[in-house]
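Presented below is the structure to which this report refers.
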Amino acid sequence: NSESVIPPDAPSGYSLKDVGGLSEVLKELKELIAIPLKRPDLLAKLGLEPTRGVLLVGPPGTGKTLTARALAEELGVNYIALVGPEVISKYYGEAEQRLRGIFEKAAKNAPCIIFIDEIDSLAPDRSAVEGEVEKRLVAQLLSLMDGFSQSQGVIVLAATNRPDHLDPALRRPGRFDREVQFRIPDCNGRKEILQILTRAMPLDGTVDLDFIAERAVGFVGADLKAVCQKAAYTALRRHVPSIEEKVPENMTVNQSDFLQALKEIKPAVLRSVEVEV
Ligand code: ATP
């Protein structure tokens, strides 16, 4: 169940070391959420309003979900994840109640991060939507954000790649008043991500991650993951042409496996351009 509470010691295997090319973003996010989550009493003493919501803005596949999960692990707090469109389709009509339930569960399990993926579907600009149910859901989310000041130690991280579609009221102070950008990685970022993704792969001496990173312009983390997987499959087919054969001891992935994969995988930015044209 995607909306259950995941404790910090659950063996997810996610850690901030698995997030590449986002060191500034991680630093900023940690600063924004660590104290409100773990020491809300300090803020209260200074008369400061704690951060309650942060928008993670950026294209798909740039590591927003990965980052939210890894932050919960790093800070040792509970984590509840939900995906906007799923909440609506699974619980249509009851979605408001479900959302309330999730916030209550988080408060009971504080300190806790609630991660809402694709928040734009839960909180679209009310002036642009027709349905009453949708409008009520936006209102419910706003009131939940306003209501949990007492239940300190809960932070909502919400991801979107369409911040301009959100209801403007969502971004008022005390709601999602902070925003962090997840950009398409530059060459160094791509190299860092490739290093992470190939950590467990047996690479031979020909593999040049700098070269692959230079070539992979426009690729986001999820695209690079696809490249690595494709390269590994190409290597597998090269070493083991038929499944009846014995697996060789020294199965390695080489540079040409990666170059082949790079040719075949299209980065998400190009895919979305094709859709929009
Ligand atoms: P979406 O908006 O589509 O949910 P997202 O921004 O949340 O996308 P993730 O789901 O976190 O992206 O990324 C998908 C996978 O791609 C991750 O599980 C990870 O394997 C890989 N990945 C993406 N970004 C990074 C990154 N910065 N560092 C390492 N791996 C990454």
Scan the range 147-157 and tell me whether some residue there is of a type outside the set (A, V, I, L, M, F, W, C) and within 24 Å of residue 257 (Cβ to Cβ). no
Is the range 258-271 home to any residue that is part of a helix (DSSP H, G or I), within 13 Å of the ligand (Cβ to nearest atom), open to solvent by 30 Å² or more (accessible area, probe 1.4 Å) and free of Cβ contacts under 8 Å to residues at least 40 places away in the same chain? yes
Every residue in the range 97-117 that is open to solvent by less than 40 Å² (accessible area, probe 1.4 Å) and among the acidic types (Asp, Glu), please. 117
Hey, residue 183 hits all of (1) in a helix (DSSP H, G or I); (2) within 11 Å of the ligand (Cβ to nearest atom); (3) of a type outside the set (A, V, I, L, M, F, W, C) but one; which does it fall short on? (1)
Using beta carbons and a limit of 6 Å, which pairs, at least six apart or on different chains, have the first residue in the range 54-66 and more than 7 Å from the ligand (Cβ to nearest atom) and the second one in a helix (DSSP H, G or I)? 54/32; 56/64; 57/163
Can you tell me which residue within the range 1-49, out of those that are part of a loop (DSSP other than H, G, I, E, B) and aliphatic (A, V, I, L, M), is modelled with the lowest pLDDT? 10
Quick one: which residue in 24, 31 is more than 16 Å from the chain's Cα centre (by Cα), open to solvent by 30 Å² or more (accessible area, probe 1.4 Å) and closer than 16 Å to residue 180 by Cβ? 31
Just to check your reading of the model, which residue among 146, 120, 177 is acidic (Asp, Glu) and either in contact with a His (Cβ under 6 Å, 6 or more places away or on another chain) or open to solvent by less than 30 Å² (accessible area, probe 1.4 Å) (or both)? 120
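The values are calculated or read from the model by the stated rules, or taken from the named source; none is laboratory data. Quantities reported herein were computed from a predicted structural model and do not represent experimental measurements. When we count neighbours, we look across all protein chains shown, and the Cβ atoms used for this are built from the backbone with ideal geometry, even at glycine. Heavy atoms of the whole protein, side chains included, go into the accessibility calculation; ligands, DNA and RNA do not. Shrake-Rupley method; radii C 1.70, N 1.55, O 1.52, S 1.80 Å.
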